[in-house]
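A.B. asks: I'd like to ask you about the structure that follows.
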Amino acid sequence: MKHRLWFTALLITASLAAAQDMPLFRWENFTTANGLPDNHVFCVLVDGKRIWAGTENGLGLYEDGTWKAFRPVANPAQQGIAHQAVLSLALDKRTGDLWAGTMGGLSRISAGRIDNFTQLNSGLSNDIVYGVGVQGDFVWTATAAGASRLNTRTGQWSLFNERNTPMYEIWTYAVSPAEDKVYYAVWGGGVLEYDVKTGLWKDYNDPDGETELVLMKDQGLIHEITTSVSYVDKILWVATYFGASRYDGRYWHNFLQKDSGLPGNFLNQIKAIDANRVWFSTDKGLAYYDGTNWSVYRPALDTHRPEMLVRDAAGTVKKIAVQSAPAHNYILGVDFQGDDIWVATAKGLSHGIRQKSSIETAQVLSTHKAIKKK
Amino acid sequence: MPALITCRADLWLIARVASILAVVLLAIAAQPVDRQSGSLTRERYLSPIEMALSADGRQFYVVCQDSDEVRVVDLASGKVVARVPVGHVPRGIALSPDNRQIYITNAWSDTVSVIDAATLKVVQTLPTGFEPAGIVVDRSGKTVYVANRLSGDISVIDLKTGQETKRLLAGRGASYLALSPDGKLIFATHIYPNPGTFRSQPNSELTVIDTARQMVVERKLLHNVAGAFHVAMSADGRLGVAAQLRPKNLIPLAHVEHGWAFGDSLTLFGPDVGGTVQIPIDELDRYYALPWGVAIAPDKSKIFLTTAGSESVTVIDVPRLLKVVRSRPHPFVNDLSASADYVLARIPVGHNPRGVLLSPDGKRLYVANRLDDNIAIIDTGNNKVISTIDLGGPKNVDALRRGERIFFTAGYAFQGQFGCANCHLDSTIDGLQWDLEPDGFGKDIVDNRSLENLAGTEPFKWNGGNPDMPTECGPRTEKFFFRSQSFNQQQLTDLVAFVYSLPYRPNRYRLLNGELMPAQRRGKAVFERTKYKSGKPIPEANQCTTCHSGPKYTNQQQVNVGTGKLTDRSPVIDVPQLSNVAYSAPYLHDGSARSLEEIWTVFNPKDTHGVSNDLTKDELNDLIEYLKTL
């Protein structure tokens, strides 16, 4: 009996500690009412003090407290982006150039100048650009007809598809390039890995096949319908419509709603901070995993009131009293601004302003700071 | 009698020999220059193009474009004291802040030669982008920035490692750079306009780089500017000046007067003028073609500008200029009378003056007379040439040099408005489409073609209407374009010889060993295929290699491949050569295809310009990678 009480006390303490350690935010939401080009926000990107939001009706730039919208233009004397629906964004941190994947091609915004690359005027494989990423002098794109790579020094486009990779489904959905590897989420085709050194491709698939059953958990990718990849610290994180996966090069670990803190199995994006910490954009809220504990941020699914849930290692879920929440629980993407987070949702863009509790929490958002701490 | 017979026989023999000789000579003369290699050898001229002063002001370094060297001149004696071999076609120069290193860009080697100023030896060679031109070193002396003309970008090179750390996107034809006096910003100009939609106004940009962040932070749009050349900043950092060309390519070239074809001008920028202001330097009935090199007096009293096509230096009174700019709220760059309010002097100098350099006290202006192999020294007090430094080039002015001078001068055009080099900048292209024909508005729009290695590509003109180069350069150019003085036979021959002598620029897409990369190999197979992918034979007339055959990839015929426009008088087009086709966008006879891809994705719906509609996107990309190697 004594032991049981002691164990219960330990669990409660651990639970409280978990709550205190999970990041707490005050949410400010942007919609068309305060200048956002459109409420349906596909993606968000932080560029220092500037925030770029890819929406269904224009690319928004938030700077010095105001929004500016970029859209296609009819007047050739003016500059416009390739298409109003902006699906993906990537920043070349060395040059400051922004790359925007749209429903009508790839746009580059460089110090105000806009260049558009389409399947007609360039070697881009397809105009529907779901994902874009920058790796040195290369710009990788995930399109509805395979992957493309632009060498910005020579202008050469290389295409990767079913003819020269193990890509049996060419609907590529997201890309995560790093120095050594480039990963693609292939919608219905698992994950593709490109080895930068050897130039060889390798595929990772659901050992169960393309089913909603999980017959062999932790033995491979959770599902073939992948939507997002994030490769950080040699760890691959994968989002699918049926759960998430983590792969360390040897072992897989899968995350499902039923046995993790995920609020749902339908994932739109996954974004890792490091080998253990990761953010999930789901259809039922924004989720954060610190390697042990989980937290979820959303308007409650029933009451729509602001809600923050914390789940500890033992599976105990606790509600944290909060006054604000992201604009909507259908989350499409996130990006980080120091300790703050910006969240793309189906009904607005949200700015999570980090609130420090009386007990100082770990720096969990910024990879840069985490590295510095090490 | 026998003597008479003998005499007659001799005369007959002489006449026979003479007639054979005449036929042979005429045949040789009609041949392009590269087939006359036995009869024409080129002098190795120097072609000084840029200069820099040594730290002690006693020497100056002259970049000699055609001799691939830097010549060092002792200012006191006016003598060349050293010659430093560098890379191929050197084009730009910069000194390190401590003046210990001299950096030279080598346009055709894609490198920077680092010269030790003490030993005058090349101590290091740095890689750059395609065709490096302008170069500056930042204030710390740790980083050099190089404008790459062909790749349209700016290399950022770490001098400690000798590695290019990144490329910054510039405009098309990035060529000249200037560092602000505080070292915080670099300004870049471009000799070609940025790509735009078909038949839209050309625009260039002034690219602004933040040296602390090593990023482009602003692009000042230069409206209606196709080519911009040297850029300079005043010592107080409040006034910037870029030399530029404003083409009138959207309107028919119906006449030449009143600046109808080109406007020679400057863009002013900086706090003294607010944003950007364009000002004319031409006069109502006289033009100062191809404004190129620019320098601002240390006290900001004057701007000195070489006009490369007019063999002169224009001197502008800055206080008067600023007064005019501030008093005229509306754009006045097309008001050619305005220049009278601020132009102080026009100083005649040598052939094709390019780079300018002011002595530190501003009392002397040095001008590189590119096609005279000398440097003019101007007394800035009385605006007169006081002496000339001979750099020691060949004394003989050969046919090619004479032709080159004709090519680069505007002296043959009505009121001196423009010359061949206005459209063929540095003997290349201008990236523009022109409405040249006197057949009505908007008829027969033509894209500017490259002049590289033209022998064997006759006939000329977009529809093959000019059978040979003398016709192209003669009646067409001198009468129709220039509307003024015609070339005499000798001048025309020299000009033709020069144009035919223009070589290929190095192809950057081809491996040095001549082998093709995998994508290029696959593209070659597409280019040379004789069957559809279905296995059905492609009619010979519709195979790429039928028309694009031979060493220049043209069969020199005229064909209708379905790319004619309703505005063309005839759909029959001369088959263009493909050598270095990668450099000459846009494409098709009228420049309507903005990229190689568009030739087939947009302008070949019925497979009339080769068979492309059964190609996958990968295969089309491969074809383009191959074409870029030609």
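A.B. asks: Taking residue B:549, is it polar (S, T, N, Q), away from chain A (no Cβ under 11 Å) and farther than 23 Å from residue B:198 by Cα? Before the answer, list the steps.
C.D. replies: Working: polar (S, T, N, Q): yes; away from chain A (no Cβ under 11 Å): yes; farther than 23 Å from residue B:198 by Cα: yes.
Yes: the conditions hold for residue B:549.
A.B. asks: On to the next question. Report, by residue number, each residue of segment B:139-173 that is within 17 Å of residue B:213 (Cβ to Cβ), open to solvent by 20 Å² or more (accessible area, probe 1.4 Å) and either more than 13 Å from chain A (Cβ to nearest Cβ) or modelled with pLDDT under 95 (or both).
C.D. replies: B:139, B:140, B:142
A.B. asks: Something else about it: Considering segment B:546-584 alone, what residues qualify as being of a type in the set (Phe, Trp, Tyr) and open to solvent by 40 Å² or more (accessible area, probe 1.4 Å)?
C.D. replies: Residues of segment B:546-584 that are of a type in the set (Phe, Trp, Tyr), as a first pass: B:553, B:583.
Selection gives B:553 alone.
A.B. asks: Pairs needed: first member in segment B:596-612, touching a residue at least 40 places away in the same chain (Cβ under 8 Å) and within 11 Å of chain A (Cβ to nearest Cβ); second member anywhere, open to solvent by less than 40 Å² (accessible area, probe 1.4 Å) and among the hydrophobic types (A, V, I, L, M, F, W, C); C-beta distance under 9 Å; at least 6 residues apart or different chains.
C.D. replies: Going by the 9 Å Cβ cut-off, the qualifying pairs are B:603/B:588; B:603/B:593.
A.B. asks: Something else about it: How many residues are facing chain A (nearest Cβ under 8 Å), among the basic types (Lys, Arg) and either touching a helix residue (DSSP H, G or I) at 6+ places or on another chain (Cβ under 8 Å) or under 30 Å from residue B:592 (Cβ atoms) (or both) when one looks only at segment B:195-230?
C.D. replies: Counting residues in segment B:195-230 that are facing chain A (nearest Cβ under 8 Å), among the basic types (Lys, Arg) and either touching a helix residue (DSSP H, G or I) at 6+ places or on another chain (Cβ under 8 Å) or under 30 Å from residue B:592 (Cβ atoms) (or both) gives 1.
A.B. asks: I'm trying to understand the selection: among the residues of segment A:273-285, which are open to solvent by 10 Å² or more (accessible area, probe 1.4 Å) and more than 19 Å from residue A:328 (Cβ to Cβ)? Spell out how you get there, then give the answer.
C.D. replies: Residues of segment A:273-285 that are open to solvent by 10 Å² or more (accessible area, probe 1.4 Å), as a first pass: A:274-277, A:283-284.
Residues satisfying the conditions are A:274, A:275, A:276, A:277.
A.B. asks: May I pose another question? From (1) charged (D, E, K, R); (2) over 14 Å from residue B:473 (Cβ atoms); (3) open to solvent by 20 Å² or more (accessible area, probe 1.4 Å), pick out the condition that doesn't hold for residue B:401.
C.D. replies: (3)
A.B. asks: Right, something else. Examine segment A:274-285 for a residue that is free of Cβ contacts under 8 Å to residues at least 40 places away in the same chain and under 15 Å from residue A:308 (Cα atoms), and state whether such a residue exists.
C.D. replies: Taking every residue of segment A:274-285 in turn, none turns out to be free of Cβ contacts under 8 Å to residues at least 40 places away in the same chain and under 15 Å from residue A:308 (Cα atoms).
A.B. asks: For segment A:103-126, enumerate the residues that are assigned to a loop (DSSP other than H, G, I, E, B), open to solvent by 40 Å² or more (accessible area, probe 1.4 Å) and either in contact with a Gly (Cβ under 7 Å, 6 or more places away or on another chain) or facing chain B (nearest Cβ under 9 Å) (or both).
C.D. replies: Matches in segment A:103-126: A:112, A:119, A:120, A:121.
A.B. asks: Let me ask something additional. Only one of these is under 30 Å from residue A:151 (Cβ atoms), away from chain A (no Cβ under 14 Å) and of a type outside the set (Gly, Ala, Ser): B:577, B:558. Name it. Outline the logic, then answer.
C.D. replies: On the way: B:558 fails: under 30 Å from residue A:151 (Cβ atoms).
Only one candidate qualifies: B:577.
A.B. asks: Specify the residue that is farthest from the other protein chains (Cβ to nearest Cβ); the eligible residues are those in segment A:165-215 that are of a type in the set (S, T, N, Q) and in contact with a strand residue (DSSP E or B) (Cβ under 8 Å, 6 or more places away or on another chain).
C.D. replies: The extreme case among them is A:205.
A.B. asks: Considering only residues that are free of Cβ contacts under 8 Å to residues at least 60 places away in the same chain and open to solvent by 10 Å² or more (accessible area, probe 1.4 Å), look in segment B:121-134 and name the one that is farthest from the other protein chains (Cβ to nearest Cβ).
C.D. replies: Applying the filter and picking the extreme gives B:121.
Okay, residues lined up against (1) at the interface with chain B (Cβ under 10 Å from one of its Cβ atoms); (2) in contact with a Ser or Thr (Cβ under 9 Å, 6 or more places away or on another chain); (3) outside any loop (DSSP other than H, G, I, E, B):
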residue	(1), (2), (3)
A:61	no, no, yes
A:67	no, no, yes
A:89	no, no, yes
A:95	yes, yes, no
A:101	no, yes, yes
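A.B. asks: Pick out the one residue from B:308, B:289, B:295 that is surrounded by fewer than 24 Cβ atoms within 10 Å (Cβ to Cβ), within 21 Å of the chain's Cα centre (by Cα) and in contact (Cβ under 8 Å) with a residue 60 or more places away in the chain.
C.D. replies: Going through B:308, B:289, B:295 in turn, the sole match is B:295.
A.B. asks: While we're on this one: Would you confirm whether any residue within segment B:615-626 is part of a loop (DSSP other than H, G, I, E, B) and within 14 Å of chain A (Cβ to nearest Cβ)?
C.D. replies: Yes; the residues of segment B:615-626 include at least one that is part of a loop (DSSP other than H, G, I, E, B) and within 14 Å of chain A (Cβ to nearest Cβ).
A.B. asks: Related question: Determine which single condition residue B:480 fails, assuming it passes every other condition in (1) aromatic (Phe, Trp, Tyr); (2) surrounded by 14 or more Cβ atoms within 10 Å (Cβ to Cβ); (3) assigned to a helix (DSSP H, G or I).
C.D. replies: (2)
A.B. asks: I'd like to check which strands (runs of 3 or more DSSP E) are fully inside segment B:174-239 and have at least 2 residues that are open to solvent by less than 10 Å² (accessible area, probe 1.4 Å), closer than 19 Å to residue A:110 by Cα and at pLDDT 95 or above.
C.D. replies: Values: elements: B:174-179, B:185-190, B:203-210, B:215-223, B:227-233.
Here the list reads B:174-179, B:185-190, B:203-210.
A.B. asks: A further question follows. Identify, from the list B:503, B:475, the residue that is open to solvent by 40 Å² or more (accessible area, probe 1.4 Å), without any contact (Cβ under 8 Å) to a residue 12 or more places away in the chain and either within 17 Å of the chain's Cα centre (by Cα) or over 24 Å from residue B:585 (Cβ atoms) (or both). Show your work before the answer.
C.D. replies: Numbers: B:503 fails: without any contact (Cβ under 8 Å) to a residue 12 or more places away in the chain.
Of the residues listed, the single one that is open to solvent by 40 Å² or more (accessible area, probe 1.4 Å), without any contact (Cβ under 8 Å) to a residue 12 or more places away in the chain and either within 17 Å of the chain's Cα centre (by Cα) or over 24 Å from residue B:585 (Cβ atoms) (or both) is B:475.
The values are calculated or read from the model by the stated rules, or taken from the named source; none is laboratory data. From a predicted model like this one, the values you see are computed outputs, not experimental measurements. When we count neighbours, we look across all protein chains shown, and the Cβ atoms used for this are built from the backbone with ideal geometry, even at glycine. Note: accessible area is taken over every heavy atom of the protein model, side chains too, but ligands, DNA and RNA are not part of it. Shrake-Rupley method; radii C 1.70, N 1.55, O 1.52, S 1.80 Å.
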